[in-house]
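Values in this text are rule-based calculations from the coordinates and carry no lab data. Keep in mind it's a predicted model, so treat the numbers as computed, not measured. Please note: Cβ atoms are built from the backbone with ideal geometry, for glycine as well, and neighbour counts cover all protein chains shown.
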Amino acid sequence: MKRHPKMLLFALMILAAAFFPTAVVGSDNPALPQQNTDTEEPETDYGEEEYNAYDAASKEANFEKRGTMLLEFMQKYPKSSLVTAYAKPAYENLLRECSQAKQYAMLEPLAEKWLKVYPDNIQTLAYIMEASHNLGNDQKYVETLQAIYTIDPKGSYAVDILRTYRELKNQAKIDEWTNKILKIPEYDTDFGLRFDFVQKYMAEDNYPKLPSGLR
């Protein structure tokens, strides 16, 4: 008996279709999903006007105007996904740029405005502290440092606060922060610091006012 190659091939294809229906090659086969070659853009939850407002604000070259525009954008579109994803980082980057450029006269008010939106942010407080220090405003510097100390009570901050109050000659605050520092464990063995306190009070004939920890 002669075997016909074409008939044999046809028979094999029928068997393959019966046992492996999805193995049949062909884009018209209903068992195969149709591949979509179109590139679909991800859906957004903001409109063109909203995006254009953010885009203009983020590209503003003037630091002060950029800050104002970003804040206005966030106030106008508080629920926009652009706020958290883009506007907030853009404002934080603005503060960093001001700091790096040493534009302290702009940095201080920009950071203060940001602190009203996001209170108790240590990095924002640090920018205010940096700006006030470089602008020679020791009172604001020490008040901001105290705000940071309230959030992160490091002994080094307390010592810096005390030194600043010494420069401001605010005796009530000097006494207050001297007593605080003497209660901080890390300064229990700092005899140099304690000696400075004793020497100062003795030089002023204020031995009765010497903190109890130093008598």
Requested in this report: Pairs to check: LYS59/LYS88; LYS113/LYS173; LYS116/LYS180; LYS76/LYS113. Give those whose C-alpha atoms are more than 19 Å from each other in this structure.
Outcome: LYS113/LYS173; LYS116/LYS180
Query raised in the report: How large is the Kirkwood hydrodynamic radius of region 47-151, in angstrom, based on all distinct alpha carbon pairs?
Result: 14.2
Query raised in the report: Could you give the nm distance between label points at GLU64 and LYS102, where each point is 7 Å from its Cα heading toward the beta carbon?
Result: 2.0
